[in-house]
Every structure is written in C-alpha cells, then in structure tokens.
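Remarks on the structure that follows.
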Amino acid sequence: MIFLIIFASITQLLVSLFVLFRKKNNLSNILFFFIGITSLCWAFANYISVSMLDSESLVYIVRSILFFVVLQNYAYYLFARTFPKSSWEHSKRWLLGYSLFSAFVALVTMSPYVFASVTAKDNLPITVAGPGLLVFILHAAYSTSGVFKELKSKMHSAAGVERRQFQWLLFSAVLILVVVPVTNFAITPLLKTTLFVVLSPVYTLAFASIIAYAIVSQKLFDIRAAVARSVAYVLSLGFIGLVYGSIIFTIFSVVDFGNISEFTERAIFVGMTLVTATAYPITKKYFDKLTTRLFYQDAYDSQEFLERINKLLVGQTELEQLLVGITDAIEGSLKSSYCVFIVRETAYEDVRIVGSEHHKFNKDKIVELRELTPHTHKKVLIADEIDADNKNLKPVLDSLDVSILIRLVSDEKQDLEGMGYLVLGPKKNGAIFSTQDKQVLEILANEMIIAVENALRFEEIEKFNLTLQNKVDSATAELQRTNEKLKEMDETKDEFISMASHQLRTPLTSVKGYLSMVLEGDVGKVNKQQDRMLEQAFLSSQRMVYLIADLLNVSRLKTGKFVIDTKDTDLAKVVETEVEQLRPTAKSRDLTINYKAPKNFPMLAMDETKIRQVIMNFIDNAIYYTPAGGKIDISLEDKGETIEYLVKDSGIGVPRAERHNLFSKFYRANNARKARPDGTGLGLFMAKKVVVAQGGAIIFETEEGKGSTFGFTFSKDKLAKLAAENREAT
C-alpha cells in the first residue's frame, strides 16, 4: 500500500510540474499545477488521518483535509473557466468575490466552527460538526456545479480533438469532485470502513492517469518532450555518476590516502568535482541529441522546410512541376501518408489532381468538397476539429482519409471556392499532426495561394498565346488561299481587259477616222449644228481610244510588255494640240482655259503617244472636276536643266485622307466619284507609270474645295540618257 501511495504521489507531482514548466506564464498551466499540489496534499492528509486516529492532532488533520478541498475546488473552477484560452476574460468583480468567498471558507475550515472536535471510535473518526460546515458545503456545491457547467458548455461548442479534451477533463472532474466526496464522506461512515480514505492517493493516481491519457492521445500537452528530456537527464546523470565513481574508485585503489595530507585529499575531490561539473553540459548536450533522434524520428526543421518551399514558389512558374515539388517536400518533412493538390478547372484545362494517391479523389467526391468547403470560412481545416456547423463535411473527409485540408482562397471569410485545395493524409507513423505542423501549413497556405495563382496566370497566358498562334496560322492560311483566289481573279480580269481592249480598239479607230473625214468635209459640207455634234462624237471616241490605251498599258504592265518608245518630240506642240482639242469641251462647261505656248521650246526624246495621253488626262480631269465658272491654267516651261508641265484648276480638290491612294490602280476619291460617276481610276495611275518610266516625276498639290495642280517634270539629261539607252537596246 505504501508503495502505491508513493508511486501515485510521485506521478501526480511529475505531471503537475511538467505542465507548469511547459509554459510558466500560462494561467491554465499554473491552475493545473495548483490543482495537482492541493490534490496531493489532500491525499496525504487523508492517509495520515487514518494512521493517527488516536492522536490529539487528528482534529487539525481533518480540518486540513477540508482546507485542501476548498483550495482544490477553487483552482478547478478557475481552470474550467480559463482553459483552453489561458487568459481571464470573465468578470473581474466575480473573480474577486469568489476568491474572497473561497478564502473565507478556507479559514473557516481550520476553525472549530466546522469541526469542533474529532474522536476515534471503532477505528472511525467521529466528528462534532459546527455551523461552519454548511458554509463549506455551500462552497463545494457552488464550485462543483460551476466546473461541470463550464466544461459541458465548452465541450458542446468545441469539435474534434478539443472536444475530446473536454470530455476527459469532465471525466476527471466527476472522479475528483463527485466520486471522492461520496466515498470519503458518505460511504465511509455508512460501511464503517476507512478503506476509501486510505485509497485517497489512488484517486489522485487515477486523476493523474486520466490527464496523462489526455496528454498523450489527445495532445493536450506534448508528453514526448518531457520523456525525451527526462531520459536525457537520467542518462546524463547516470553517465557522469558512473565515470565519477569509476575515477574515484580507481584513485582509492591506487593512492594510499593514509600517506597524503588532508589538504591534498580535499584538492583531489574538488578537482574531480570541477571536472565532472565541466563535463556535464557536454554530456547533457550529447544525450539531448540522442534522445531527440530516438523520440523525434519524424522531427524536421520548420525554417529549413519553409525555405525549401519558398525556393520552389519563387523559382518555378510551371504549375505541374510546382505542385509536384510542394507535395514531395510536404510528404518528406511532415511524413504524411499522401499529399494531393486539387486545382479547379480553367478556361483551358479541366479539374487537375496532382500528387500521390490521387486516384482516391473521384469526380463525385471532388464535387462534394467544392459544394461544402466554401461555407466553412476557414483556410486550414483539421478533420478532427470540424465544428458542428460543418458536420456534413466530416464524413466526406473521413471517406477520403483526409487529416488536413487547405483551401487555396485569398479570403476565407467569404463563400468563395478559390483556386483549389491541398489535402494531406494521416501521418505514416500514426502520430497526430503537431502544433508546429499546423503553424507551418498555415504560413505555407498564404504563400502557396500567391504562387499557384501566378502559375495559373502564366499557364493561361501560355495557352492563350498558343491558341492565338493557332488562330493566326489558320487565319494566315485562309488569307493566303483567298489571296491566291484574288490573284487568279485579277489575272482573269487582266486577260479580259486585254482581250476587250484589242477587240474595241479596231472599230473605235474606224469610227474616229470616219468622224474626222466628215468634219474635214471629205464627204460634203456640214452645217454648224452638225459640226458641233460630230465634234462631240469625235472627242468622245478620242477619250475611248485613250481609255482603251490605258487598259492595254495596264495589261502590258502586268505581263512586262510595257515599253517606252522614245523619239524626238515637240512637247510644246503636243500640249497646244491637246489644249485646242479640249477647249470646246471646256467652253461647253462654262470653263476658261488659259495657256500660253512657250517660244523656242527644245525637242525632247520622249514617247510622244504616251506623254500625249498624260497631258490630255491632266487637262481632261481639270475640266470634269472644276465647277462651272471656274478656270484652268496650263503652263509648259523650260527651266534650264529641267522642263515642267502644270495644269492648275479651281475645282473640287482631293480630301486629305485620300491623297495617298490617288495614284493607285482603279482608285478614285469619294468627291470625284460623285462629280463624274463614269471614271475608271486608271488615268492618274497610268500617268505616273509613264512619267516615272521616262525618268520624270509627278507634281501634285491640292486643297479640298479650292483646286488641284497636276503635272510632271523631267530632267533633260535623264531624257537624253534614256534615249541613248533605248537606241543601244534596239
């Protein structure tokens, strides 16, 4: 029996000290230590009371039992109100009142007002109760009911591991606050035995065992640290004691202390003590490492782990490789049985599952997770700590063997699904995830959210670029096919124009010739009205001849048969002839043509037919695009090294936005199409080709609504050089 009492007492003391020294400033730890010490004192007082039934001091021992009961009840009630937050958040006025009440009751228990006297009869203590006993009972009832009320309330609002903690604490409260009083104060006098009183230390052992079970299995405290450090201390002390004893034994065996002075003998012992004291920290450090490896085989350096993950998050942008790297790191450090990422679908990818044992997560289970988790309003979900509000989620996690689920969402307070999930299975060795593990995962969660989001955006950009490139390639191929068709159509059009031009040229030449003969009187005299009408017909046929010539030249440009045939040309006479031919047309449109032929204008090596067409085209355009009442100024000048031909009108001009297209094939400005719907858009195109082909340059100035100036300029030297090259070529 004495061995059982000593064992129970030592166990109770060790547990209380361990809890206290885990965190000395923790209010719950301090109160737990106080409960343990008062329970231990109560157990010893009970044991001593039975051993001293015939002692005159028995009354004081019985009073001390009640004294320790008051203190124990007081500490347990405060512990129930502060655990697990370990801080006082209740009414301080209540605390002061309850503390004063408890202190008063404790003092009363040590006075004759509770027990006036205690005597022994038939090996049982016979007490004479006083009025103070009612105060003691009132305090005990108030404290006990308060403990049960607090623990039950917190148990119902808690979940998972924390809920089971309160269940065991509630069980320990039943043992200490209900079972013990019933057995010691009710059953003992009823059965007339002191057995239950003697077994009081066993109650404390049971209490310590229940708390120890909560410590080990429900992670109320980390018992491994205490065991590891305790073993390290024992091994260190044992090793030092063994070495110290061996050295002393050896010295006593070798040295004859009878022949040395007392000072020398003391110096030897002091020296040995100093050596031992110096060696102890080194020995302790060695055994600390040894026990850490023994008891913490799954331990890891959290800082080193986070640095490793950070390197992955910063250095890796490819999503698949990033997720695989993170899952490997977590499985390696946290020793989880599996680690899986579930990434929601994107615009380019379906739901992805990356990691070991991904086969567990079928489509239906993922759908359930996605429906339930947005309403949890937590980022890190521990399966054993799921609260009542999310009870539907617990079966899903259990079916998947999930211990921890991390939501990859920036704001867990809103009903958002986020980018996906990181799920961890149980630890391989069957241990629970520690506080360190949870803290590391909470830190990691925020960093992973940013990294995964960046990787998804990078992936989306890559996919978009790839899709865009495919669309561009497809559009380019389609454009090429369309362009080929357009080329074929353009060639067909050119062939048609060439054929039509050749077919129209012969009859038009015949019509023009006959009109000329009639106008010249070869077939008889014509009157003025006939002459005017025939003149218009002749000019129209002439324009048709020029149009056909333009069409043929366009066709020749396409086939490479456009040739400049140079010969000495009297440009002044060509201009004068064209002006005179177009004067009647200008007069009919109420326009004035001003032209003064130059004197002594040089002969130039030019293609007279083609340049005549250019000259006519510029004058003809000026006539048709100048409103009635306007004027047209035509000039031809010899400027020494160059010659210059200009046709300046007061017509409609060319809009600024359309000037750059004016000399393109078949192009006409909007205002020109309105003024002359029958135009072809070939005149200016061919004029530029003819002028540039002979080494000249086009002159073009315009202002919308105020008129335009068209013309050309040639260098005499270039014309001479071109004529020489043409002669050599022929």
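Among the GluC sites (Glu not before Pro) found in segment 337-396, those both in a DSSP coil and sparsely packed, with 16 or fewer other Cβ atoms within 10 Å of their Cβ, are E345, E349, E357.
The modelled label-to-label distance for the pair V243/T709, using points 7 Å beyond Cα in the direction of Cβ, is 11.2 nm.
Checking the table K154/K413; K674/K716; K463/K485; K567/K596; K311/K378 against a 30 Å threshold on Cα-Cα, which pairs fail? Among K154/K413; K674/K716; K463/K485; K567/K596; K311/K378, the Cα-Cα distance tops 30 Å for K674/K716; K463/K485. When Rg and the Kirkwood Rh are both derived from Cα coordinates, the Rg/Rh ratio for segment 644-730 amounts to 1.07.
Approximating the spin labels as points 7 Å out from Cα along Cα→Cβ, the L504-to-I450 distance works out to 7.5 nm. Taking a Cβ cut-off of under 12 Å around G640, the surrounding Lys, Arg, Asp and Glu residues balance to a net charge of -3, with basic ones at +1 and acidic ones at -1. For the cross-link pairs K335/K363; K631/K688; K610/K665, the ones whose C-alpha atoms lie over 20 Å apart are K335/K363; K631/K688. For segment 336-385, the Kirkwood hydrodynamic radius comes to 12.4 Å, computed from all pairs of different C-alpha atoms.
Accessible surface for segment 350-493, divided over its residues, is 58 Å² per residue with a 1.4 Å probe.
Ordered by 1.4 Å accessible area with all protein chains kept, V452, V367 run largest first as V367, V452. Remark: segment 628-724 carries 49 Å² of accessible area per residue (probe radius 1.4 Å; ligands, DNA and RNA excluded). When nucleic acids and ligands are ignored and a 1.4 Å probe is applied, H377 ends up with an accessible area of around 70 Å². Dividing the convex hull volume of the alpha carbon atoms of segment 642-686 by its residue count gives 105 Å³ per residue. I61 contributes an accessible area of around 20 Å² to the protein surface, as traced by a 1.4 Å probe with all chains present. Taken as Cα centroids, segment 603-666 and segment 355-396 sit 84 Å apart, rounded to the nearest whole angstrom.
The values are calculated or read from the model by the stated rules, or taken from the named source; none is laboratory data. Note that this is a predicted model, so its numbers are computed, not measured. Note that we place each Cβ from the backbone using ideal geometry, even for glycine, and neighbour counts take in every protein chain shown. Heads up: the accessible areas ignore ligands, DNA and RNA and are worked out on the full protein's heavy atoms, side chains in. Shrake-Rupley method; radii C 1.70, N 1.55, O 1.52, S 1.80 Å.
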